[in-house]
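Asker: Below is the structure I would like to discuss, written out as structure tokens.
Taken together, the values in this text are just the output of simple stated rules run on the coordinates, not laboratory data. Bear in mind the structure is a predicted one, so any value in this text is a computation, not a measurement. Counting neighbours? That spans all protein chains shown, and the Cβs are built from the backbone with ideal geometry, glycine included.
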Amino acid sequence: MYVVPLNSVIPWPITICLQVRQLAAVELRKRISQGDAKLWLNLAQDERLSLKSHILQVIIAEQASVVFQTCCAWARPLFGLP
């Protein structure tokens, strides 16, 4: 019976999860910024404020620096930062 070493199995799902989160951040940036940010601007002001709060919580909780940086890059304009 062949036993797969645990250390060769564990990193695979973590790597995929990281890649999926980074891709999701990139796709969200595209959706928000396409068409001069129409998607974002079509939301009611209270919805935008609620989403900003949630986005900030998600960014702060992100532990992977590559995903954190991607999220910060597309979130800056939402918060009025350069």
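Asker: Give, in nm to one decimal, the length gained when the segment between Leu28 and Gln57 is fully stretched (0.36 nm per residue of separation minus the Cα-Cα distance). If you can, show how the numbers build up before the last one.
Answerer: Details: separation 29, 0.36 × 29 = 10.44 nm, distance 1.59 nm.
Full extension from Leu28 to Gln57 adds 8.8 nm.
Asker: Also, quick follow-up: Using the per-residue mean of other Cβ atoms lying within 10 Å as a proxy for protection, in what order, highest first, do the peptides 47-58, 18-29 fall? Let's see the in-between values first.
Answerer: Working: 47-58: 12.6, 18-29: 14.9.
Ranked by mean Cβ neighbours within 10 Å, highest first: 18-29, 47-58.
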